[in-house]
Amino acid sequence: MNVLELTDIQGYIIRGYAHMQYSKFVLFRTTNAVAAKQWLYRITGDITNATHVVDKTTLPPTHLNIAFTAKGLVAFGLGEENVQTFNPEFREGMTTPHRRRILGDESSSAPELWNWGGPLNTELHGVLMIFGKDKSTCYDYYEKLKNEYAGFLEELLGMDGQTLPENKEHFGFRDGISQPIIKGSGKQGTAMNMINAGEFILGYKNEYNVYPDSPLLKQVLGDANLLPSDAAGSGLKDLGRNSSYLVIRQMQQDVEAFWTFMNEKTKNEDGSLNTAESTKLAAKMVGRWPSGAPVTKFPDADPGSVSDDNDFGYQEHDADGTKCPLGSHLRRCNPRDSFEDDGKNESVRLSNRHRIIRRARLYGDPFEGSPVNYTPGGEVGLLFNCFNADISRQFELIQYTWALSTKIKELYNDPDPLIGVKEELLPGQEQNFTLQGCPVNKTIKGLQPFVRIKGGAYFFFPSITFLRYLTTV
């Protein structure tokens, strides 16, 4: 096992920045690459790395990270020949006709309607990720940086993000619990969640025990001596070591539609609200209770206290899905030991080849939904971020094969109830959620979309070494 070069890895991959309660993501294009690279050279030392900080009282009040689109790398001078060595999904972007289909970006989630990243916004070069311990600290840091880059980075859009107490998202559920732990990062977790670094960070072996494809320096530009050699043995300089691919999706959450649906499907015979059953149905769809407690361990009621419990599988105590339904969001996006029917170990091995590291920030006014509180004052949602070394095998497979597919396990008309529901159906097509039961299942019919995509893009999240190199091209 390789020990990770933490000082060369941008921190947001490994550290969730839980202490950074506020963030501002600045989407930008460069109007003067020479000046932009000079500025980048000056701030490279300020980029937050992945070094673990034991004493949290010594943490700085702000963090800073940066990522680039394929067009951004060209604009900064990396050269088309070198950019062509990057992951094809990254180069092509999120809005090709093929990618729209596999991501389900149709109807009101169509890229033409996006606030950013769509075909009408083609000049996106990168994102500056600014974090602060609170809103005023974050904004002070943002204003300082903005004064520095104002003449050569054009802001296309600024997206504010924050966290809620207990890390709740707007539907009202504790989020960000099911995270893989990268081997060699210094962090420890359950054996099921310890994943080879190469699933998320280029330059290290992945769960296939091979090095993931990494971009290489085909056309020698700048100071190539700054770059490491390709660990896979090509003899070329490696542009990707200690880097990752970052997916950002702006996901609007329709909290009112979510809880209205749950309330309508669980109301008492006299038509009155049944808050306990409404919450239970929502938890069955999510796979966790609002506290974060896993439904497979607590199938009947929320135990109440805040839970980060991620130490569980399905095969031994819930193989048939009678506790946590087979079609729940949690179970679909990480099948754990129930991927296949040929044993727990094999299922875990296969599941771990499709994991992502998720990071999310809330946008809109703070709001925590429930059966009796479901009308936020304005638009709310998630700035979903995830890291992976292979966009196709990880993020896109989860979305297309596990979330959008209506045929999974013994299910036939069941998409992921949170992120897989379509707005427009073919004649006779159904979208249901099935609660496995004994002796018979219960079908919740007529699923509605609760999430819409408002923007998105694929980014290269480079190593700090790459950032230094980029300033020399």
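The values are calculated or read from the model by the stated rules, or taken from the named source; none is laboratory data. All values derive from a computational prediction rather than experimental measurement. Every residue, glycine among them, receives a Cβ derived from its backbone with ideal geometry; neighbour counts consider all protein chains shown. Protein only, heavy atoms only, side chains kept; ligands, DNA and RNA dropped before computing areas. Shrake-Rupley method; radii C 1.70, N 1.55, O 1.52, S 1.80 Å.
What pairs come out if I take residues in region 3-23 that are closer than 13 Å to Val53 by Cβ and pair them with residues that are part of a helix (DSSP H, G or I) whose C-beta lies under 7 Å away, six or more apart or interchain? The qualifying pairs are His19/Lys56. Within region 384-412, being at pLDDT 95 or above, open to solvent by 30 Å² or more (accessible area, probe 1.4 Å) and in a loop (DSSP other than H, G, I, E, B) holds for one residue alone: Asp390.
Residues that are more than 11 Å from the chain's Cα centre (by Cα), farther than 20 Å from Arg349 by Cβ and among the aromatic types (Phe, Trp, Tyr) within region 379-410 comprise just one, Tyr400.
Restricting the search to strands (runs of 3 or more DSSP E) fully inside region 425-473 and requiring at least 3 residues that are open to solvent by less than 10 Å² (accessible area, probe 1.4 Å) gives 451-461.
Residues in region 186-195 that are touching a residue at least 60 places away in the same chain (Cβ under 8 Å) and either over 20 Å from the mean Cα position of the chain (by Cα) or open to solvent by 10 Å² or more (accessible area, probe 1.4 Å) (or both): Gly186, Lys187, Gly189, Thr190, Met192. Among the residues in region 222-237, are any modelled with pLDDT of 95 or more, at positive phi and among the small types (Gly, Ala, Ser)? Yes, region 222-237 contains a residue that is modelled with pLDDT of 95 or more, at positive phi and among the small types (Gly, Ala, Ser).
For region 252-279, filtering for residues that are assigned to a helix (DSSP H, G or I) and open to solvent by 60 Å² or more (accessible area, probe 1.4 Å) leaves 6. Would region 173-187 turn up any residue that is more than 20 Å from Ala293 (Cβ to Cβ) and basic (Lys, Arg)? Within region 173-187, one or more residues are more than 20 Å from Ala293 (Cβ to Cβ) and basic (Lys, Arg). Scan Gly240, Gly222, Gly203, Gly198 and give me the residue that is among the small types (Gly, Ala, Ser), outside any loop (DSSP other than H, G, I, E, B) and either open to solvent by less than 50 Å² (accessible area, probe 1.4 Å) or touching a Cys at 6+ places or on another chain (Cβ under 8 Å) (or both). Gly198 is the lone residue from the list that is among the small types (Gly, Ala, Ser), outside any loop (DSSP other than H, G, I, E, B) and either open to solvent by less than 50 Å² (accessible area, probe 1.4 Å) or touching a Cys at 6+ places or on another chain (Cβ under 8 Å) (or both).
If I filter region 317-324 for residues that are closer than 22 Å to Trp402 by Cβ, assigned to a helix (DSSP H, G or I) and either in contact with a helix residue (DSSP H, G or I) (Cβ under 7 Å, 6 or more places away or on another chain) or at pLDDT below 95 (or both), do I get at least one hit? Taking every residue of region 317-324 in turn, none turns out to be closer than 22 Å to Trp402 by Cβ, assigned to a helix (DSSP H, G or I) and either in contact with a helix residue (DSSP H, G or I) (Cβ under 7 Å, 6 or more places away or on another chain) or at pLDDT below 95 (or both).
Within region 370-383, being open to solvent by less than 40 Å² (accessible area, probe 1.4 Å) and either assigned to a loop (DSSP other than H, G, I, E, B) or touching a helix residue (DSSP H, G or I) at 6+ places or on another chain (Cβ under 6 Å) (or both) holds for Pro371, Pro376, Val380. Among the candidates Lys56, Lys71, the residue that is surrounded by fewer than 20 Cβ atoms within 10 Å (Cβ to Cβ), charged (D, E, K, R) and over 26 Å from Glu155 (Cβ atoms) is uniquely Lys56. Just one of the listed residues (Gly158, Gly176, Gly172) is at pLDDT 95 or above, surrounded by fewer than 17 Cβ atoms within 10 Å (Cβ to Cβ) and under 19 Å from the mean Cα position of the chain (by Cα), namely Gly158.
When region 27-48 is limited to residues that are under 23 Å from Ala457 (Cα atoms) and of a type outside the set (A, V, I, L, M, F, W, C), the one that is surrounded by the most Cβ atoms within 10 Å (Cβ to Cβ) turns out to be Thr30. Of all the listed residues (Arg249, Arg331), the sole one being assigned to a helix (DSSP H, G or I) and in contact (Cβ under 8 Å) with a residue 24 or more places away in the chain is Arg331. Assess whether Asn310 counts as being open to solvent by less than 30 Å² (accessible area, probe 1.4 Å) and among the polar types (S, T, N, Q). Taking the combined requirement at face value, the residue satisfies it.
Here Leu103 fits the description: under 15 Å from Val247 (Cβ atoms), open to solvent by less than 20 Å² (accessible area, probe 1.4 Å) and not β-branched (Val, Ile, Thr). Selection of region 334-354 for residues being outside any helix (DSSP H, G or I) and more than 22 Å from Ile391 (Cβ to Cβ) yields Glu340, Asp341, Asp342, Gly343. Just wondering, is there one or more residues in region 145-155 that are open to solvent by 20 Å² or more (accessible area, probe 1.4 Å), closer than 25 Å to Leu40 by Cβ, more than 25 Å from the chain's Cα centre (by Cα) and among the polar types (S, T, N, Q)? Yes, there is a match, as at least one residue in region 145-155 is open to solvent by 20 Å² or more (accessible area, probe 1.4 Å), closer than 25 Å to Leu40 by Cβ, more than 25 Å from the chain's Cα centre (by Cα) and among the polar types (S, T, N, Q).
Scoring Ala110 on the criteria (1) open to solvent by less than 30 Å² (accessible area, probe 1.4 Å); (2) farther than 30 Å from Lys422 by Cβ leaves a single failure, condition (2). The residues of region 120-165 that are farther than 30 Å from Ala110 by Cβ, in contact with a strand residue (DSSP E or B) (Cβ under 8 Å, 6 or more places away or on another chain) and either among the basic types (Lys, Arg) or part of a strand (DSSP E or B) (or both), listed by number, are Phe131, Gly132, Lys133, Lys135, Lys146.
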